[in-house]
Amino acid sequence: MSELAVNSEKTRENHPLGEYLRTDRFPHIWCSGCGLGIVLSAFIRSLLNCGLALDKVAVVSGIGCTGRAAGYLKLDSFHTTHGRAIPFATGLKLANPELEVIVFSGDGDLAAIGGNHLIHAGRRNIDMTVLCVNNFTYGMTGGQFGPTTPSAARSTTSRAGNVENPFNMVGLAAASGAIYVARWTTAQVRQLERSTTEALQRKGFSFVEIISPCPTYYGRMNRQPTGLDQMRYYRANTVVKHFASPHEVGVALGGQIVTGKFIDTERPYLPHPQEGHDGA
Amino acid sequence: MGERIGIEVSQAIAEAAMLSNVDVIAAYPITPQTHIVEHLAELVASGELDAEYIPVESEHSAMSACLGAVATGARTFTATAGQGLELMHEVLYVASSMRLPVIMSVANRALSGPLNVWGDQSDLMSVRDTGWIQIVAANGQEAVDNVICAFAIGEDRRVLLPVMVHVDGFYLTHVIEPVIMPDREEVDRFIPPYDYPLPLDTEKPVTMGAFAPPVLYPEAKKAQDVNLRGSMPVILEHWDRFGKAFGRQYGPLEHYRSEGAKTLLLTMGSIGDTASAAVDKMRDEGKDVGLVQLRLWRPFPFAEFRNAVRDADLLVVVDRAISFGGPGGPFCSEVRAALYDEEKRPKVTGFIAGLGGRDITVAGFEDMVARGIEIAETGTDQEYEIYGVRE
């Protein structure tokens, strides 16, 4: 057995969630200090919390560091082209409403190149859960600024500070029509797990933003050079305000991060349950 | 004369765009192109380049923003790769048909799926028919020089067409090569000031891209084709001017020990350097093999090409893209088509190799030449062979 295969076998045996991971694809590509491992673990635990039959779960991801999650999960998954995770997931859900469909992707994928799809899926209230891991940058391509990068933040394409205004992702999801909207940081693992569990149980378009460290690019260029620095910043600057207006909780550079469950409501969703398409 | 320095080819391409006094850059990050636009962002931030840098939200937006900019008479540059070029696709046709000379460098990359960020020429072949002038660089120096030439060619009033300068992703974009970077004054003298004849101007309104029914559309398309074919002598003229000004002469083809060779390897892009090493080795062993590299993909240099292969008995064409279910690699198909009407024509054998970043080694070229000779002697029922792939 090769060294790689031995390590893969050890990971599968020793990691508490090893049986849900494609350890044959390890070592993973995520950097030391990245928050994606925390998010992925929390997601798997919330899937287990829901008691879902795992053969009825499909995970769809787009391109970027977060997008690689689809390849590491031992579930039905599809790694789509850049920005198209949501339309792919829409087709999946409408064609087979029995599936629990989760989009697991990053801010660069969901807010920039795929931004149009996000707002239309919210408008239609398609029954899916979107987990948006927001590290405020394009990590995979080397730390360029994107539509979530706070104003004045430095990046490889904004050396003197970003001159644009960022999207507030929870405000965008809420305005588009999402029926469940929450935000957490990777320093709030239990809340994140609980919230993701709720999001999976809701019927309609659920959106959970997870603010997550990218020490390699975003952190290093903005005076938080390690994952731990970014986690300390979250700990010191995060407040929980359930049902705060999602339109008033934008994240400024170095500013307070308002987290919590902002919206938890109901409205008619697709696929329409009256037509025998209730996925429950 | 510029200085010969060691520089990453992506950075060198960005600096070539800067030396060309580009006014507007709109781009979206994608591997393996990212270093080009990242360096341009640095040059704009540091004040070395006085240009608008628009980091848009997708490649579709990047090319659209470039069209907007170029239509006002601004000198415009962008870069992309693989999937990004695919996302630009519909806008590429608008650039060429509206005669809007955007200059773009493409870091050639394989196409999904499965997802792959490494180099091949699938993206290049997918935009073959978009009406752009397409130059394929074989090394860093060619990339720099041809970005500069692209502005002179594309913006020439006799041409007014967008130009792609293709560079192999990673093989060129991510390596540090010795490159002679021209001086700014030299480039200023070489590229005339940009003077777009019909810019969008509120004083003299024009409409671009308006609806053309069947009574107009075919004429517009014929005009476009006549224009692209007619650009050939202008391209050669600018390459000659460049040769006189900078001492490096370019043409539609590059020949390496091809004179009188009975067997010719045909390549496009950076694999030509490896192929030339293979030719040296085979020549040392007494084999009569030469190399012809294609630099100008569109417009296709039919006359030069027929002339270059006139004395050969066998062409071994190496493609780095597949035309699924078709007659062979796209390069090989065109080679066959270009020769069909010739009275004396060499046998043509096609190989597809180096997909998705799989290296083609010197031994690989030797193998393909040997196999090509074997096929020429014994015949085959296959249109082409895919080299070096596990069954």
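The values are calculated or read from the model by the stated rules, or taken from the named source; none is laboratory data. In this text, all values refer to a predicted model and were calculated from it rather than measured experimentally. Neighbour counts are summed over all protein chains in view; Cβ atoms, including those assigned to glycine, are modelled from backbone coordinates with ideal geometry.
The condition of being in contact with a helix residue (DSSP H, G or I) (Cβ under 8 Å, 6 or more places away or on another chain), within 14 Å of chain B (Cβ to nearest Cβ) and either part of a loop (DSSP other than H, G, I, E, B) or at pLDDT 95 or above (or both) holds for only one of A:Leu110, A:Leu131, that being A:Leu110.
If you go through the range B:109-116 one residue at a time, do you hit one that is surrounded by fewer than 24 Cβ atoms within 10 Å (Cβ to Cβ), in contact (Cβ under 8 Å) with a residue 40 or more places away in the chain and out of contact with any Ser or Thr (no Cβ under 7 Å at 6 or more places or on another chain)? Scanning the range B:109-116 turns up at least one residue that is surrounded by fewer than 24 Cβ atoms within 10 Å (Cβ to Cβ), in contact (Cβ under 8 Å) with a residue 40 or more places away in the chain and out of contact with any Ser or Thr (no Cβ under 7 Å at 6 or more places or on another chain). What are the residue pairs meeting all of these: first residue in the range A:257-269, first residue over 15 Å from A:Met169 (Cβ atoms), second residue part of a strand (DSSP E or B) and not basic (Lys, Arg), Cβ atoms under 9 Å, and 6 or more apart or on different chains? Every condition considered, the pairs that remain are A:Asp264/A:Tyr180; A:Asp264/A:Val181; A:Asp264/A:Ala182; A:Thr265/A:Tyr180; A:Tyr269/A:Ile126; A:Tyr269/A:Phe205.
Comparison of B:Val44, B:Val70, B:Val37 shows that the only residue that is over 30 Å from A:Gly62 (Cα atoms) and surrounded by 24 or more Cβ atoms within 10 Å (Cβ to Cβ) is B:Val70.
The selection criterion, being assigned by TED's automatic domain parsing to the domain that holds B:Val144 and in contact with a strand residue (DSSP E or B) (Cβ under 8 Å, 6 or more places away or on another chain), holds for B:His174. Among the criteria (1) among the charged types (D, E, K, R); (2) part of a strand (DSSP E or B); (3) out of contact with any helix residue (DSSP H, G or I) (no Cβ under 9 Å at 6 or more places or on another chain), the one B:Glu177 does not fulfil is (3). Taken together, B:Val22, B:Val91, B:Val102, B:Val70 contain a single residue that is more than 9 Å from chain A (Cβ to nearest Cβ), modelled with pLDDT of 95 or more and within 17 Å of the chain's Cα centre (by Cα), which is B:Val102. On the given criteria, is B:Thr130 among the hydroxyl-bearing types (Ser, Thr, Tyr), surrounded by 22 or more Cβ atoms within 10 Å (Cβ to Cβ) and touching a helix residue (DSSP H, G or I) at 6+ places or on another chain (Cβ under 9 Å)? Considered against the rule, which asks whether it is among the hydroxyl-bearing types (Ser, Thr, Tyr), surrounded by 22 or more Cβ atoms within 10 Å (Cβ to Cβ) and touching a helix residue (DSSP H, G or I) at 6+ places or on another chain (Cβ under 9 Å), B:Thr130 comes out as no. Hey, does the range A:147-160 have a residue that's under 16 Å from A:Val103 (Cα atoms) and touching an Asp or Glu at 6+ places or on another chain (Cβ under 6 Å)? No, every residue in the range A:147-160 fails to be under 16 Å from A:Val103 (Cα atoms) and touching an Asp or Glu at 6+ places or on another chain (Cβ under 6 Å). Looking at the range B:258-266, can you tell me whether even one residue there is in contact with a Ser or Thr (Cβ under 8 Å, 6 or more places away or on another chain) and under 17 Å from B:Leu294 (Cα atoms)? Yes - at least one qualifying residue is present in the range B:258-266.
Residues in the range A:77-105 that are within 14 Å of another protein chain (Cβ to nearest Cβ) and among the hydroxyl-bearing types (Ser, Thr, Tyr): A:Ser77, A:Thr80, A:Thr81, A:Ser105.
To keep it simple, each residue is scored yes or no on (1) surrounded by fewer than 18 Cβ atoms within 10 Å (Cβ to Cβ); (2) modelled with pLDDT of 95 or more; (3) in contact with an Asp or Glu (Cβ under 6 Å, 6 or more places away or on another chain).
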| position | (1), (2), (3) |
| --- | --- |
| B:Gly272 | no, yes, no |
| B:Ala278 | no, yes, yes |
| B:Glu285 | yes, yes, no |
| B:Pro299 | no, yes, no |
| B:Ala312 | no, yes, no |
| B:Glu334 | no, yes, no |
| B:Ala353 | no, yes, no |
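Tell me yes or no: at least one residue of the range A:147-154 is buried (at least 24 other Cβ atoms within 10 Å of the Cβ) and part of a loop (DSSP other than H, G, I, E, B). Yes; the residues of the range A:147-154 include at least one that is buried (at least 24 other Cβ atoms within 10 Å of the Cβ) and part of a loop (DSSP other than H, G, I, E, B). Filtering A:Asn49, A:Asn96 for residues that are without any contact (Cβ under 8 Å) to a residue 40 or more places away in the chain and more than 23 Å from B:Leu115 (Cα to Cα) leaves a single hit, A:Asn96.
Mind counting the residues in the range B:48-67 that are at the interface with chain A (Cβ under 9 Å from one of its Cβ atoms) and touching a Lys or Arg at 6+ places or on another chain (Cβ under 9 Å)? Selection size over the range B:48-67: 0.
Within the range A:191-198, not a single residue is part of a loop (DSSP other than H, G, I, E, B), surrounded by 19 or more Cβ atoms within 10 Å (Cβ to Cβ) and in contact (Cβ under 8 Å) with a residue 24 or more places away in the chain. Selection of the range B:105-140 for residues being within 14 Å of another protein chain (Cβ to nearest Cβ) and touching a Pro at 6+ places or on another chain (Cβ under 8 Å) yields B:Ala107, B:Arg109, B:Val117. Within the range B:151-163, the residues that satisfy the criterion of being under 16 Å from B:Gln224 (Cβ atoms) and buried (at least 24 other Cβ atoms within 10 Å of the Cβ) are B:Gly154, B:Leu161, B:Pro162, B:Val163.
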